[in-house]
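Read the figures in this text as sums done on the coordinates, not as results from a lab. Every value quoted in this text rests on a predicted model; they were computed, and no experiment measured them. Every residue, glycine as well, gets a Cβ built from its backbone with ideal geometry; the counts of neighbours run over all protein chains shown.
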Amino acid sequence: METVFLSYTYRPHPDHEVALDRLRRYVVRAIEALHIVDGVDVGGRPLDNALRGRIREADALIALVTPQVDNAGNVVDPAFVLGEFQYAEGASKPTMRVCHDLLAPHGLGAGNEYTPFKPGSELDVILKLMNTIALWRREYGQAARVRIEPKDLAARYDEAQGDSCECQVISANGIYGRFERVSIWPEPGAAYALLPKLRGGDRVRLRLHQGGKKWQSPEPINPFVGGVRLEQQP
């Protein structure tokens with residue numbers, strides 16, 4: 001769980017504009033550890049291909065369902081927000097709505113869990129969202145990277161010369177997966193193995209092939225803490 005699409009109306013009702021802005025800022029603070037994307041660059045238009053692509057690429061969607069204004073100045077549901085929410089639901093993305101108390105949930109996903117909101121209850125919303133994100137990370141996993149040691153081994157790594165790196169995931173309940181190929185990302189002074197999305201409690205074993213030799217981590221490691229020292233195999 002790395003990226004969340006934050007959906008909110010760009011035409012808030014004037015009577016609720018300040019409350020929405022305050023809510024949005026609070027929500028951003030609650031989820032700032034994630035990469036946040038929205039539809040601001042596409043101007044809040046209905047779902048076009050660019051916006052659908054952003055939602056598909058995100059790991060989850062949070063929708064702020066707050067009063068919008070129509071051309072007659074009336075309070076209405078934020079149609080674009082609900083459209084984005086329903087598209088994410090249809091794409092089987094994890095979703096959470098923050099629903100203003102003036103607007104009753106309806107449509108696709110109306111029976112799903114949501115967080116009620118009225119001005120002044122921002123702290124309750126933040127706590128709920130933080131708990132939800134923690135649950136999403138446990139259920140859907142999050143990307144990780146592991147620093148590879150020794151440094152000279154990683155520094156010589158070259159896929160163009162036939163080098164490769166593989167990762168085996170051992171789940172929290174002891175199920176051993178197959179070794180799957182992963183990429184190596186060099187940075188100044190270190191190189192990292194870029195791992196698949198992992199759940200809390202997962203462990204990994206790394207194996208590197210280089211120059212006809214095989215290097216491997218002697219024991220499964222916690223992928224979210226520190227690095228791994230690979231040892232040459234007979």
Assuming R0 = 41 Å, what is the FRET efficiency of Asp124 and Ser164, from their Cβ-Cβ distance, to the nearest 0.05? 0.25
Can you pull the one-decimal nm distance between simple spin-label points at Val225 and Glu113, each 7 Å off the Cα toward Cβ? 2.8 nm
About its Cα centre, what dipole magnitude does the chain give when the only charges are +1 on Lys and Arg Cβ and -1 on Asp and Glu Cβ, stated in debye to the nearest 20? 740 debye
Suppose every Lys and Arg Cβ carries +1 and every Asp and Glu Cβ carries -1, with no other charges. What dipole size does segment 143-232 come out with about its Cα centre, to the nearest 20 debye? 220 debye
Work out how much length Val37 to Lys151 would gain on full extension: take 0.36 nm times their residue separation and subtract the Cα-Cα distance, in nm to one decimal. 37.5 nm
I need the GluC sites (Glu not before Pro) found in segment 81-187, filtered to DSSP loop residues with at most 15 other beta carbons within 10 Å of theirs. Glu113
Round to the nearest 0.05 the FRET efficiency obtained for Ile175 and Asp70 when R0 = 41 Å and r is the Cβ-Cβ distance. 0.15
Computed E for Arg22/Arg199 - FRET, C-beta separation, R0 41 angstrom, nearest 0.05: 0.75
J(HN,Hα) series, segment 157-169, from Karplus relation 6.51 cos²θ - 1.76 cosθ + 1.60, nearest Hz, glycine and proline x: 5, 8, 5, 5, 9, x, 5, 8, 10, 10, 10, 10, 9
Ranked Cys99, Cys165, criterion: other C-beta atoms within 10 Å, fewest first: Cys99, Cys165
Cross-chain or 8 or more residues apart, Cα under 21 Å: how many lysine pairs in the chain fit that? Count them up, please. 5
Listed values [x] 76, 34, 30; [y] 57, 46, 40; [z] 64, 52, 31, entry calculated as Cα extents along the principal axes in Å: [x]
Degrees separating the helix 17-30 axis from the principal Cα axis of the chain, which is the longest one: 20 degrees
Integer Hz, Karplus 6.51/-1.76/1.60 couplings in order for segment 133-140, x for Gly and Pro: 5, 4, 5, 4, 5, 5, 7, 10
May I ask for the longest run of the chain untouched by trypsin sites (Lys or Arg not before Pro) that are loop-located per DSSP and have at most 13 neighbouring C-beta atoms (other than their own) within 10 Å? 1-155
Go through Gln86, Pro188, Leu208 and say which Cα lies farthest out towards the positive end of the charge dipole of the chain; charges sit on Cβ, +1 for Lys and Arg, -1 for Asp and Glu. Leu208
Sort Met130, Met96 so the one with the fewest other Cβ atoms within 10 Å of its own Cβ comes first. Met130, Met96
Label model pair Ala190, Lys213: point-to-point distance (7 angstrom along the Cα→beta-carbon line) in nm is 2.4 nm
Name the residue farthest towards the positive end of the dipole of the chain from the options Phe224, Ile36, Gly177, assuming +1 on Cβ of Lys and Arg, -1 on Cβ of Asp and Glu, about the Cα centre. Gly177
